[in-house]
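Everything below concerns the one structure shown next.
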């Protein structure tokens with residue numbers, strides 16, 4: 001199936017191989033259709049895998065911080081998407097954007113401490129830049145849509 005990606009962050013393809021057999025289908029929340037949420041969620045999973053490989057003395061410092069901020073990106077996109085009021089939507093998206101920036105900073109920190117390579121850090125930071133651009137695009141789409149009178 002073709003994937004449709006727009007400035008708004010919406011991705012038209014919602015049918016995925018879920019591994020569920022029979023007549024059971026995976027229920028997809030609305031925010032899960034957003035490519036920006038999908039990308040943020042995938043990055044969060046990767047950050048958590050990296051966090052597990054950090055030394056135990058970093059458990060309550062760097063690991064906790066990077067895992068929390070990476071989780072907050074997808075969490076706040078979902079929260080913004082499901083908010084009813086415009087200001088709550090925008091607040092969620094902009095909080096997600098700040099958390100993405102914080103995660104980028106934590107990635108640089110673990111690179112500086114020698115826990116990940118420069119290429120891994122650059123890849124993660126670049127992918128978070130895509131998420132930030134997607135958040136901006138989706139927030140702009142919501143803002144533009146709000147201005148439309150029906």
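The values are calculated or read from the model by the stated rules, or taken from the named source; none is laboratory data. As the structure is a computational prediction, the values presented were derived from the model and not from experiment. Methodologically, a virtual Cβ is constructed for each residue, glycine included, from the backbone with ideal geometry; neighbour enumeration extends over all protein chains shown.
Residues in the range 105-150 that are at pLDDT 95 or above, assigned to a loop (DSSP other than H, G, I, E, B) and out of contact with any helix residue (DSSP H, G or I) (no Cβ under 7 Å at 6 or more places or on another chain): 4 in all.
For the range 105-120, filtering for residues that are in contact (Cβ under 8 Å) with a residue 12 or more places away in the chain, surrounded by fewer than 20 Cβ atoms within 10 Å (Cβ to Cβ) and within 17 Å of the chain's Cα centre (by Cα) leaves 0.
The single condition among (1) under 18 Å from residue 67 (Cα atoms); (2) in contact (Cβ under 8 Å) with a residue 12 or more places away in the chain; (3) part of a helix (DSSP H, G or I); (4) in contact with a helix residue (DSSP H, G or I) (Cβ under 6 Å, 6 or more places away or on another chain) that residue 101 does not meet is (4).
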